[in-house]
Amino acid sequence: MNFKTADLCDDFSGELEICKVEFRSYGRKRRFSGPISTVKVWEDNVLVKEALQSIPKGNVLVVDGGGFKNCALLGDRLGEIAQKRGLAGIIINGCVRDTVDLANLEVGILALGSNPLKSKKEGKGEKDVTVRFGDVEWKPGHYVYADEDGVLLAARALL
């Protein structure tokens, strides 16, 4: 993947939204992009797993966990699913765990932090809905571009 978010801002500033959350990177890929797929959950990762098993190859799963850090919404097993299926990345408005293992996966993983506690398994939440965090709207089918400088959203593919 050969792009820089700074260059995209220079070339497409009128078409971009800039996420104002400063995520930490946990996967091996530091730069990734793709169409957005979404889930909205509350301390429950059943829909996260379902989405990782079903969204198209090359997509980025955006998980709105409300910004809460009470438990992890992704660990090594779910990260391995994303890698095996060829997903571009995962962005979590919440926490991950198994960070040493996630660091070895060839997938982009951004989250607010880590927490060793696993999530509930009740299957509550929503999928394929517009979610809002970081002063931007994450719309399914729109595109996200992430690197070491930040996270950008666009209504269309820019690359």
| field | Conditions (1) surrounded by 14 or more Cβ atoms within 10 Å (Cβ to Cβ); (2) assigned to a loop (DSSP other than H, G, I, E, B); number of the one not met by residue 51 | value | (2)
| Counting only residues that are within 14 Å of residue 61 (Cβ to Cβ) and not small (Gly, Ala, Ser), which one in the stretch 143-159 is most open to solvent (accessible area, probe 1.4 Å)? | 143
| said: Restricting to the stretch 74-95, name every residue that is within 23 Å of residue 134 (Cα to Cα), in contact with a Lys or Arg (Cβ under 9 Å, 6 or more places away or on another chain) and of a type in the set (A, V, I, L, M, F, W, C). | reply: 74, 87, 88, 95
| message | Just checking, does the stretch 32-47 include any residue being assigned to a loop (DSSP other than H, G, I, E, B), surrounded by fewer than 16 Cβ atoms within 10 Å (Cβ to Cβ) and not β-branched (Val, Ile, Thr)? | response | no
| request: State which residue is nearest to residue 101 (Cα to Cα) when the search covers only the stretch 14-69 and only residues that are of a type in the set (A, V, I, L, M, F, W, C) and touching a Pro at 6+ places or on another chain (Cβ under 8 Å). | output: 60
| said: Given (1) without any contact (Cβ under 8 Å) to a residue 12 or more places away in the chain; (2) open to solvent by less than 30 Å² (accessible area, probe 1.4 Å), identify the lone condition not met by residue 89. | reply: (1)
| message | Exactly one of these conditions fails for residue 82: (1) without any contact (Cβ under 8 Å) to a residue 40 or more places away in the chain; (2) open to solvent by 10 Å² or more (accessible area, probe 1.4 Å); (3) under 23 Å from residue 142 (Cβ atoms). Give me its number. | response | (2)
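The values are calculated or read from the model by the stated rules, or taken from the named source; none is laboratory data. Since this is a predicted model, take the numbers as computed values, not measurements. Note: ideal-geometry Cβ built from the backbone for every residue, glycine included; neighbour counts use all protein chains shown. The area values use the complete protein model at the heavy-atom level, side chains included, leaving out ligands, DNA and RNA. Shrake-Rupley method; radii C 1.70, N 1.55, O 1.52, S 1.80 Å.
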